[in-house]
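Here the structure is laid out as structure tokens; the discussion comes afterwards.
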2 protein chains.
Amino acid sequence: MASVNPPRGMRDFLPADKARRERVLAVIRERYRAHGFDEIETPVMEDYDRLHAGIGGDNEKLSFSILKRGMDADAIRAAADDPAALADLGLRYDLTVPLARFYATNRAQLPTVFRAIQMAPVWRAERPQKGRYRQFLQCDIDIIGDGTARAEAELMVASLDVLDTLGLEGGSIRVNDRRVLDAMLDVFGFAAEERPGVLITIDKLDKVGPSGVVAELRERGAAVEAVDALAAYLDRPAGTPTFDDAGIRAALPAGIPDEVVAHLVALGETVAAARGADAPLVFDPFLVRGMGYYTGTIFELAHPSVDYSLGGGGRYDGMIGRFLGQQVPAVGFSIGFERIVDLLPDADAAGERSVVLVHDRDVPLAQLLALKSHLVEGGARVRVEQRAKNMKALLERSAADGYGAFAPVGVGTTPETLELRPLS
Amino acid sequence: MASVNPPRGMRDFLPADKARRERVLAVIRERYRAHGFDEIETPVMEDYDRLHAGIGGDNEKLSFSILKRGMDADAIRAAADDPAALADLGLRYDLTVPLARFYATNRAQLPTVFRAIQMAPVWRAERPQKGRYRQFLQCDIDIIGDGTARAEAELMVASLDVLDTLGLEGGSIRVNDRRVLDAMLDVFGFAAEERPGVLITIDKLDKVGPSGVVAELRERGAAVEAVDALAAYLDRPAGTPTFDDAGIRAALPAGIPDEVVAHLVALGETVAAARGADAPLVFDPFLVRGMGYYTGTIFELAHPSVDYSLGGGGRYDGMIGRFLGQQVPAVGFSIGFERIVDLLPDADAAGERSVVLVHDRDVPLAQLLALKSHLVEGGARVRVEQRAKNMKALLERSAADGYGAFAPVGVGTTPETLELRPLS
């Protein structure tokens with residue numbers, strides 16, 4: 001037991017970090033709850049088979065498996081040819097697979113339109129790198145049982161409210177629809193079987209630009225005329241389309257089904273009505289998003305202070321049916337908790353409501369705890385520290401931990417003679 | 001994928017349950033924080049070797065192990081003779097082993113006296129039975145770096161405050177000291193090597209009574225004269241000893257070291273000073289508590305409404321040293337979160353601040369979400385439901401989910417014409 005590090009790619013959270021995380025979680029929980037979402041919780045584990053049923057995409061390969069208990073030597077030897085036999089359970093790699101299972105299990109006790117909040121850790125055995133961890137928190141909201149644009153609108157309005165409440169005003173949402181992408185690729189002339197690969201390349205548009213996308217598609221040997229059509233379209237004078245019928249139609253080639261455009265237009269109108277005049281939606285016909293299970297609207301939360309997204313989601317009408325044996329529409333959004341936490345400052349010190357009692361060594365325990373209780377009962381948060389040689393370090397650490405005041409305590413100090421002094 | 005149940009012995013939490021759990025957690029977090037404890041978090045996994053180093057007692061055998069990733073057939077075959085080679089990590093079975101590791105990792109960044117809160121799930125592969133689960137939440141507070149009775153007193157005062165705040169006033173704490181037990185067994189004449197077994201039997205005193213304990217000890221073949229001495233002592237006219245020097249000494253046979261009694265007396269005085277006149281401590285010289293790592297004071301939280309404990313803890317001065325290579329005193333308390341949640345009622349409905357909008361099918365989405373936003377911005381929690389054939393069921397479920405009012409919404413309903421009606 002030489003090393004005392006946490007497992008590879010996983011983090012300890014010290015008091016200041018943990019306090020900030022819990023503060024953000026409390027805001028997310030409270031705001032989503034106000035918007036009619038109900039928090040649920042599932043176990044961290046699901047059946048191995050369910051986690052490897054093809055819904056999780058690449059994440060399935062990254063999942064941690066739980067060793068079957070009570071295997072004897074023969075059973076282990078037999079598993080050499082079938083490693084899956086070593087595990088009966090696994091840790092979830094996202095919150096969507098567990099939600100689909102939860103809904104199938106508990107449907108009878110849930111409202112017809114079920115609005116779920118989940119805020120919980122997930123695990124992926126990725127190669128650790130800066131900003132990427134093997135255990136991290138996901139905060140998802142999902143609406144199951146509503147196929148109209150109201151569902152997307154509720155997710156968006158609630159999530160913008162969360163950002164506003166956290167002091168991150170000015171958020172906007174990039175929106176597209178998987179059916180738009182599919183229809184566009186069809187219009188350009190890509191065959192159905194090459195479209196998934198083409199989408200993977202288009203997904204890099206933000207990083208490599210139009211010429212990079214076109215070059216990669218040519219390299220991959222995608223249909224030449226289709227690539228030409230796409231290149232010409234990417235080359236068009238674009239501007240930012242307005243999020244209404246005219247704007248969305250103008251941003252698309254001819255041949256996109258009316259009902260898809262109508263769904264997007266209804267979404268824009270609904271978000272605008274909910275937010276007052278301002279609907280911070282941006283139509284982006286080349287937004288792809290990775291997961292294979294999306295079937296309709298897809299969207300990403302953006303904020304002017306950062307060039308990466310602060311969350312994303314989409315409609316996945318097919319998935320619940322795989323568990324339930326009956327189609328149920330669903331749409332979800334995952335707010336980027338870990339990224340948002342990193343953007344926010346530490347809490348301000350809480351002033352005289354947050355006090356460190358610094359006592360001389362000879363102060364009787366009973367006197368000390370009576371003083372502490374007096375302050376706690378008065379509504380304060382109180383830490384007790386014995387006077388140290390290095391008082392500067394002690395006071396600095398207290399300030400870093402969110403304390404705003406300190407008070408020296410000697411033999412005989414009473415609540416009446418206690419003197420609070422500001423800490424920083 | 002026929003079954004949609006959560007894994008064996010694990011639970012889904014539906015909205016009402018989850019809300020109640022989060023409400024209790026928020027109180028525990030807030031009160032412990034007020035008493036100067038700082039919340040931390042560790043990963044759910046620790047190194048396999050650390051979890052199986054003998055600190056966890058019987059829980060080590062119940063731990064879930066994480067299958068090593070990337071094992072080939074040969075490696076699996078080789079593991080047939082050494083199943084531990086299949087796992088490099090495991091899920092924690094308590095919060096004490098991770099805390100000791102955390103402290104060793106992060107000591108330089110922590111206060112000299114570190115008061116930790118941990119509220120997090122643990123996993124044990126126990127045979128599922130009523131009230132016992134394979135994933136459950138533990139809420140621990142620990143004080144590392146303080147060997148005085150102040151540490152125990154702070155744990156106790158803060159935990160009694162949690163109970164009071166949750167509406168469970170009248171809690172009390174049974175207290176003993178491992179050194180009391182050890183000295184008593186020595187006085188009675190039990191040899192050092194038979195004492196651990198004798199303690200296991202004495203731990204059943206509450207269940208089987210004095211005659212049951214004596215019978216089991218005779219059956220086990222414990223030293224005859226020692227059992228006679230214990231039997232005579234158990235047979236004494238007891239009464240409840242007062243928690244002071246005279247009371248504690250009177251409750252014990254002669255020969256208990258003075259410093260042990262002094263630690264208990266100081267604890268009583270300190271808790272009394274912190275709580276005002278009232279120190280709800282009960283000295284119980286036969287309280288044992290299971291974990292082998294306790295070295296000093298041990299205690300259990302009791303409440304008149306139930307005949308089981310609502311938490312327990314003790315001093316474990318030896319454990320941190322095993323990770324740190326340097327002795328550091330430590331004492332911890334685990335409040336019985338799962339038991340406390342079961343004791344508390346559901347939240348009261350939140351009245352007109354918690355509203356279900358029941359809309360006709362033809363209400364435009366934009367109108368509906370504008371109404372919803374109007375209420376949310378006014379501070380309400382709002383759920384949207386389409387009018388159902390069975391309105392009674394819809395309204396009952398809304399009330400069960402904590403909504404206090406509903407309002408019908410038709411085409412043209414505005415914030416001004418919206419009529420709130422009580423839900424129950």
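The values are calculated or read from the model by the stated rules, or taken from the named source; none is laboratory data. All figures in this text were calculated on a predicted structure; none of them were measured in a lab. Note: ideal-geometry Cβ built from the backbone for every residue, glycine included; neighbour counts use all protein chains shown. The accessibility values were calculated without ligands, DNA or RNA, using every heavy atom of the protein model including side chains. Shrake-Rupley method; radii C 1.70, N 1.55, O 1.52, S 1.80 Å.
Rounded to the nearest 20 debye, the dipole size of the protein assembly as shown about its Cα centre is 160 debye, using +1 on the Cβ of Lys and Arg and -1 on the Cβ of Asp and Glu.
Based on C-alpha pairs under 8 angstrom that are at least 6 apart in sequence, segment A:109-263 has a relative contact order of 17 percent. By accessible area, using a 1.4 Å probe on protein heavy atoms only, chain A has 50% of its surface on carbon and sulfur. Placing +1 on each Lys and Arg Cβ and -1 on each Asp and Glu Cβ, with no other charges, gives chain A a dipole about its Cα centre of roughly 1400 debye. Normalised per residue, the accessible area of the protein assembly as shown is 41 Å², obtained with a 1.4 Å probe and no contribution from ligands, DNA or RNA.
In terms of the Cα gyration tensor, with a ≥ b ≥ c the square roots of its eigenvalues, is segment B:184-340 rounded because a/c is under 1.5, prolate because a/b exceeds b/c, or oblate? Kindly include the intermediate steps, with their values, before the conclusion.
Numbers: a/c = 1.44, a/b = 1.26, b/c = 1.15.
Rounded.
Sorting B:MET319, B:MET119 by solvent-accessible area of protein heavy atoms yields B:MET119, B:MET319, largest first, with a 1.4 Å probe. The calculated FRET efficiency for the pair B:HIS374 and A:LEU25, based on their C-beta separation and a Förster distance of 41 Å, comes to about 0.95. Around the Cα centre of segment A:351-422, unit charges on the Cβ atoms of Lys, Arg, Asp and Glu (plus for the first two, minus for the last two) sum to a dipole of about 260 debye. Between A:ALA407, A:ALA272, A:ALA262, the Gaussian network model of chain A with springs among Cα atoms under 10 angstrom shows the greatest mean-square fluctuation at A:ALA407. Structure remark: mean-square fluctuation, Gaussian network model of chain B, C-alpha springs under 10 Å; the largest value among B:VAL162, B:VAL271, B:VAL208 belongs to B:VAL208. Expressed as an acute angle from 0 to 90° and rounded to the nearest 10, what is the orientation of the C-alpha long axis of helix A:391-400 relative to the principal long axis of chain A? The two axes meet at around 30 degrees.
Rounded to the nearest 0.05, what FRET efficiency do B:VAL224 and B:GLU259 have when you use their Cβ-Cβ distance and R0 = 35 Å? Between B:VAL224 and B:GLU259 the formula returns 0.65. If the reach is capped at under 14 angstrom between alpha carbons, list the aspartates and glutamates near A:LYS204, excluding any in the same chain fewer than eight residues apart. Straight-distance partners of A:LYS204: A:GLU216, A:ASP284. Fully extending the segment from A:ASP362 to A:ALA108, taken as 0.36 nm per residue of separation minus the present Cα-Cα distance, adds 85.1 nm. Rounded to 0.05, the FRET efficiency of the A:ARG249 and A:GLN326 pair, given R0 = 41 Å and the Cβ-Cβ distance, is 0.75. Here B:MET391 yields copy-to-copy label distances, from shortest upward, of 7.1 nm, the label point defined as 7 Å from Cα along Cα to C-beta.
The phi torsions of segment B:191-202, fed into the Karplus equation with coefficients 6.51, -1.76 and 1.60 and a -60° offset, translate into couplings of 5, 3, 6, 8, 5, x, x, 4, 5, 4, 5, 4 Hz, rounded to whole numbers, with Gly and Pro shown as x.
From the Cα gyration tensor of chain B, with a ≥ b ≥ c the square roots of its eigenvalues, which class applies: rounded if a/c is under 1.5, or else prolate if a/b is larger than b/c, or else oblate? Write out the running numbers ahead of the final one.
Working: a/c = 2.26, a/b = 1.67, b/c = 1.35.
Prolate.
Normalising the average separation of contacting C-alpha pairs (under 8 angstrom, six or more residues apart) by the number of residues puts the relative contact order of segment B:87-134 at 41 percent. Taking all protein chains as they are arranged and a probe of 1.4 Å, the heavy atoms of B:ARG174 leave approximately 60 Å² accessible to solvent.
Seen against the Cα atoms of chain A and their longest principal axis, helix A:258-275 is set at about 30 degrees. A Gaussian network model of chain A, with springs between Cα atoms under 10 Å, assigns the largest mean-square fluctuation among A:VAL122, A:VAL356, A:VAL97 to A:VAL356. Just to confirm the number: angle between the C-alpha axis of helix B:205-220 and the first principal axis of chain B, 0 to 90 degrees, nearest 10? The helix B:205-220 is inclined about 40 degrees to chain B. Relative contact order of segment A:77-182: 19 percent, from C-alpha pairs under 8 Å at least 6 residues apart in sequence. For peptide B:164-174, the mean count of partner chain Cβ atoms within 10 Å of a residue's Cβ comes to 0.
Of the residues in segment A:134-160, those shielded by at least 30 Å² of accessible area once partner protein chains are present, compared with the chain alone at a 1.4 Å probe, are A:GLN135, A:ARG150, A:GLU154. For segment B:149-158, putting each phi into the Karplus relation 6.51 cos²θ - 1.76 cosθ + 1.60 with θ = phi - 60° gives couplings of 5, 4, 4, 4, 4, 5, 4, 5, 5, 5 Hz, in residue order, rounded to whole numbers and with x for Gly and Pro.
Total buried accessible area between A and B, probe 1.4 Å, nearest 100: 8400 Å².
Here the spin labels are modelled as points 7 Å beyond Cα on the Cα-Cβ line, and at B:ARG8 and B:TYR308 they lie 2.2 nm apart.
Going by accessible area, probe 1.4 Å, with all protein chains left in place, what is the ranking of A:HIS35, A:HIS52, A:HIS263, largest first?
The ordering from most to least exposed comes out as A:HIS52, A:HIS263, A:HIS35.
Interface burial in segment A:1-32, defined as at least 50 Å² less accessible area with all protein chains than with the chain alone at a 1.4 Å probe, covers A:MET1, A:VAL4, A:PRO7, A:ASP12, A:PHE13, A:LEU14, A:PRO15, A:LYS18.
Sequence neighbours fewer than 8 away in the same chain don't count; with that in mind, list the lysines whose C-alpha is under 30 Å from B:LYS389. Cα-Cα hits under 30 Å: B:LYS18, B:LYS372.
With its label point put 7 Å out from Cα toward Cβ, A:ASP346 sits 4.3 nm from the same residue's point in the other copies, in order from shortest. Compute the Cα gyration tensor for the protein assembly as shown, then decide on rounded, prolate or oblate, letting a ≥ b ≥ c be the square roots of its eigenvalues: rounded whenever a/c is under 1.5, prolate when a/b is larger than b/c in the other cases, and oblate in all that remain. Taking the square roots of the gyration eigenvalues as a ≥ b ≥ c, the protein assembly as shown is prolate.
Three principal axis extents describe the C-alpha atoms of segment A:117-188; from largest down they are 41, 33, 29 Å.
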